[in-house]
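Colleague: First the structure, then my questions, so here it is.
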Amino acid sequence: MRKRVLVLGGSFAGVATARNIKKYCGDRVDITLIDTRPYLVFIPNILPEILVGHDPEETLLMPTVGILEKDGIRFIQARVDGIDLGEGRVRYTPSVRPGASGERTGYDYLVIALGARLAFEDIPGFNEYGHSISDTHYGNKLRIYIEGGLYRGGGIAIGSTRFHSGAGSGQDNMPEVMSACEYPLVETAFALGAWLEDRGIARPAEITLFTPGKGLLSEAGVHVSDEVTRHAVKAGFRIMNGAGDIKRLRSWGIEFENGSDIEAALKIVLPDWAGHDILKGLSITDDAGFVVTDRSMRCKGMPNVFAAGDCAALTVPKLGELGDAQSKVVAGGIADDLGIAGAGHGAEFKPEIIFVGDMGRSRGFFIHSDIFYGGSTSVFKTGYSYYSMKLGFKEVFFRSGARPPSWGVPLAELVAERFNR
Ligand SMILES: Cc1cc2nc3c(=O)[nH]c(=O)nc-3n(C[C@H](O)[C@H](O)[C@H](O)COP(=O)(O)OP(=O)(O)OC[C@H]3O[C@@H](n4cnc5c(N)ncnc54)[C@H](O)[C@@H]3O)c2cc1C
């Protein structure tokens, strides 16, 4: 009997998990994946794309239906409306014409990979005065703003509001992270700062990089945080630590809950990452709506239900490479259950932060750290090769049909050793 595997979400975590399950379990499973969108948005490269004048809506959408079908994975374009864990069923509405009626499907194994809700609506004033880089829409809006002469000088504030993770993130000795995803904002300050300076539009001294935590990227360890801060100060930026929650955006700047503020004409922010409403209140989610699992990515008390990617409570900070690592753990767990020899290896999620960022002027930076999770790796490097690697990773991802060799550690570290001394 083939087991029915249902994967909810078809972005980085969902696609990787569905494919790894297929790779490990072959004909022993029938896999179906549901997503509202028949494409994946290559979010990490929104910034480099807009800085070379591209609309990311044109260049960063990767169709997923064909690549899934090649692997024998069925795709349903639909909105997931709810999960009935007791009955082992998922309710969904096909994304066809308005008026479509809801359907239901059962599963033997369920993988939740629905990402998170980026809660811009919780930042008053964002719609009127804010910019972001979290999606193609905001990326293109920012491109038009800076390229089209709408930004006419004045301060620039770049940072995120505080991440309100649920209790599930703190389990299993996972420390608290203050910003859900601060890495792309550091990247934005460096790359956009260089872009604006080179065009005589703004000086680095006009940029304030703010963090809700005690220091930039503090979860990556003292060494990485100090190095990032040193490079940011050297670049000429102002740094504001301990900003906490954003209270509201105003035409003149940003107000914070702790009473401080920043004057800025251009405000580039990332909001809180929150759990989806359809997951809130389920027995497998925490108070913020993130799915609580152990390190085998299985839900406690529901061993046939897994989570991967941003929707999982253990994914902190919210980085796609962590979801990719979890995808192999989930696939291994299902293979183990099916008694497939050698496939699963009883794998557990061993988190490590890996990030390759654009610094502008064809340079990039590379971070590799597991300090946050009790390890001893803490690497920060800069160099031309990291920028090439950032662009190259996207190329390989698209050309290989979402089969990157890895999220970059072996290659990046080799390059760091050989070429960036
Ligand atoms: C600007 C920026 C740059 C980043 N750069 C990097 C980077 O360089 N490296 C890195 O590792 N990480 C990076 N990240 C983080 C990375 O983008 C996320 O961690 C990653 O996208 C999470 O993948 P996911 O599959 O878990 O969720 P998502 O990418 O959020 O995907 C969730 C999927 O679920 C679908 N979905 C949601 N709700 C429903 C529903 N009800 N019904 C049906 N489908 C639904 C969505 O359509 C979507 O396809 C960056 C993030 C940002 C904002």
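Colleague: Output the residues belonging to the range 86-127 that are acidic (D, E), away from the ligand (no atom under 15 Å from the Cβ) and in contact with a Lys or Arg (Cβ under 9 Å, 6 or more places away or on another chain). Show your work before the answer.
Modeller: Narrowing the range 86-127 to residues acidic (D, E): 87, 103, 108, 121-122.
Checking the rest, the ones that are also away from the ligand (no atom under 15 Å from the Cβ) come to 87, 108, 121-122.
Across the range 86-127, the qualifying residues are E87, D108.
Colleague: Might you check whether a residue that is surrounded by fewer than 24 Cβ atoms within 10 Å (Cβ to Cβ), more than 16 Å from the ligand (Cβ to nearest atom), within 17 Å of G215 (Cα to Cα) and of a type outside the set (S, T, Y) occurs anywhere in the range 143-150?
Modeller: No, the range 143-150 contains no residue that is surrounded by fewer than 24 Cβ atoms within 10 Å (Cβ to Cβ), more than 16 Å from the ligand (Cβ to nearest atom), within 17 Å of G215 (Cα to Cα) and of a type outside the set (S, T, Y).
Colleague: A further question follows. Looking only at strands (runs of 3 or more DSSP E) that lie completely in the range 1-56, which have at least 2 residues being open to solvent by 60 Å² or more (accessible area, probe 1.4 Å) and more than 8 Å from the ligand (Cβ to nearest atom)? If you could, list the steps in order and put the result at the bottom.
Modeller: Values: elements: 3-8, 29-35, 39-41.
The qualifying strands (runs of 3 or more DSSP E) are 3-8.
Colleague: Also: Can you tell me which residues in the range 256-288 are in contact with an Asp or Glu (Cβ under 7 Å, 6 or more places away or on another chain) and open to solvent by less than 40 Å² (accessible area, probe 1.4 Å)?
Modeller: Going through the range 256-288, the residues in contact with an Asp or Glu (Cβ under 7 Å, 6 or more places away or on another chain) turn out to be 256-257, 261, 271-273, 278.
Scanning the range 256-288 gives F256, P271, D272, W273.
Okay, residues lined up against (1) under 23 Å from P175 (Cα atoms); (2) assigned to a loop (DSSP other than H, G, I, E, B):
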{"residue": "G323", "(1), (2)": "yes, no"}
{"residue": "A331", "(1), (2)": "no, no"}
{"residue": "A335", "(1), (2)": "no, no"}
{"residue": "G339", "(1), (2)": "no, yes"}
{"residue": "A347", "(1), (2)": "yes, yes"}
{"residue": "K350", "(1), (2)": "yes, yes"}
{"residue": "F355", "(1), (2)": "yes, no"}
{"residue": "F365", "(1), (2)": "no, no"}
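Colleague: Suppose the filter is modelled with pLDDT of 95 or more, in contact with a strand residue (DSSP E or B) (Cβ under 6 Å, 6 or more places away or on another chain) and over 22 Å from A274 (Cβ atoms); does F365 pass it? Give the steps one after another, and end with the answer.
Modeller: Numbers: modelled with pLDDT of 95 or more: yes; in contact with a strand residue (DSSP E or B) (Cβ under 6 Å, 6 or more places away or on another chain): yes; over 22 Å from A274 (Cβ atoms): yes.
Answer is yes for this residue.
Colleague: Is it fair to say F372 is within 14 Å of the ligand (Cβ to nearest atom) and either among the aliphatic types (A, V, I, L, M) or touching a helix residue (DSSP H, G or I) at 6+ places or on another chain (Cβ under 7 Å) (or both)?
Modeller: Values: within 14 Å of the ligand (Cβ to nearest atom): no; either among the aliphatic types (A, V, I, L, M) or touching a helix residue (DSSP H, G or I) at 6+ places or on another chain (Cβ under 7 Å) (or both): yes.
Here the answer is no, as F372 does not meet what is asked.
Colleague: Looking at the range 333-367 only, could you name the residues that are aromatic (F, W, Y) and buried (at least 24 other Cβ atoms within 10 Å of the Cβ)? I'd like the intermediate steps shown before the answer.
Modeller: The first filter runs over the range 333-367 and keeps only residues aromatic (F, W, Y), leaving 349, 355, 365-366.
Listed by number, the residues that qualify are F355, F365, F366.
Okay, residues lined up against (1) charged (D, E, K, R); (2) modelled with pLDDT of 90 or more:
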{"residue": "V379", "(1), (2)": "no, yes"}
{"residue": "Y387", "(1), (2)": "no, yes"}
{"residue": "E395", "(1), (2)": "yes, yes"}
{"residue": "F398", "(1), (2)": "no, yes"}
{"residue": "P405", "(1), (2)": "no, no"}
{"residue": "E417", "(1), (2)": "yes, no"}
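Colleague: What number of residues in the range 289-320 are open to solvent by 10 Å² or more (accessible area, probe 1.4 Å) and either over 14 Å from F163 (Cα atoms) or away from the ligand (no atom under 13 Å from the Cβ) (or both)?
Modeller: The number of residues fulfilling the criteria is 11.
Colleague: Right, next: Scan the range 234-255 for residues that are without any contact (Cβ under 8 Å) to a residue 24 or more places away in the chain and in contact with a Lys or Arg (Cβ under 9 Å, 6 or more places away or on another chain) and report the count. Can you show your working first?
Modeller: Applying the first criterion (without any contact (Cβ under 8 Å) to a residue 24 or more places away in the chain) to the range 234-255 yields 234, 252, 255.
Narrowing further to those that are in contact with a Lys or Arg (Cβ under 9 Å, 6 or more places away or on another chain): 255.
Going through the range 234-255 one residue at a time, the tally reaches 1.
Colleague: On the given criteria, is G66 away from the ligand (no atom under 11 Å from the Cβ) and loosely packed, with under 15 Cβ neighbours inside 10 Å?
Modeller: Values: away from the ligand (no atom under 11 Å from the Cβ): yes; loosely packed, with under 15 Cβ neighbours inside 10 Å: yes.
Judged against the criteria, G66 is a match.
Colleague: Restricting to the range 210-235, count the residues that are open to solvent by less than 30 Å² (accessible area, probe 1.4 Å), out of contact with any Ser or Thr (no Cβ under 7 Å at 6 or more places or on another chain) and over 11 Å from G159 (Cβ atoms). Give the derivation first.
Modeller: So in the range 210-235, the residues open to solvent by less than 30 Å² (accessible area, probe 1.4 Å) come out as 210-213, 215-217, 219-221, 224-225, 228, 232.
Cutting the leftovers down to out of contact with any Ser or Thr (no Cβ under 7 Å at 6 or more places or on another chain) gives us 210, 219, 228, 232.
Next cut, over 11 Å from G159 (Cβ atoms) only: 219, 228, 232.
Looking only at that region, the number is 3.
Colleague: Give me a count of the residues in the range 185-201 that are open to solvent by 10 Å² or more (accessible area, probe 1.4 Å) and in contact with a Leu (Cβ under 7 Å, 6 or more places away or on another chain).
Modeller: Total meeting the criteria: 1.
Colleague: A further question on this structure: Of the numbered conditions (1) in a loop (DSSP other than H, G, I, E, B); (2) more than 30 Å from V29 (Cα to Cα); (3) within 12 Å of the ligand (Cβ to nearest atom), I278 fails exactly one; give the number of that condition.
Modeller: If we test I278 against (1) in a loop (DSSP other than H, G, I, E, B); (2) more than 30 Å from V29 (Cα to Cα); (3) within 12 Å of the ligand (Cβ to nearest atom), just (2) comes out false.
Colleague: Given the residues G323, G357, G342, which is the only one that is out of contact with any Leu (no Cβ under 8 Å at 6 or more places or on another chain), free of Cβ contacts under 8 Å to residues at least 40 places away in the same chain and among the small types (G, A, S)? So that I can check it myself, show each step before the final result.
Modeller: Values: G323 fails: free of Cβ contacts under 8 Å to residues at least 40 places away in the same chain; G357 fails: free of Cβ contacts under 8 Å to residues at least 40 places away in the same chain.
When all the criteria are applied, what remains is G342.
Colleague: Moving on. Pairs under 6 Å by beta carbon, first residue closer than 22 Å to G88 by Cα in the range 269-288, partner aromatic (F, W, Y) and buried (at least 19 other Cβ atoms within 10 Å of the Cβ), six or more apart or different chains?
Modeller: Between residues of the range 269-288 that are closer than 22 Å to G88 by Cα and residues that are aromatic (F, W, Y) and buried (at least 19 other Cβ atoms within 10 Å of the Cβ), the close pairs are G275/F290.
The values are calculated or read from the model by the stated rules, or taken from the named source; none is laboratory data. On a predicted model such as this, the values are computed, not experimentally measured, just so you know. Please note: Cβ atoms are built from the backbone with ideal geometry, for glycine as well, and neighbour counts cover all protein chains shown. In case anyone asks, the SASA skips ligands and DNA or RNA and just uses the protein heavy atoms, side chains included. Shrake-Rupley method; radii C 1.70, N 1.55, O 1.52, S 1.80 Å.
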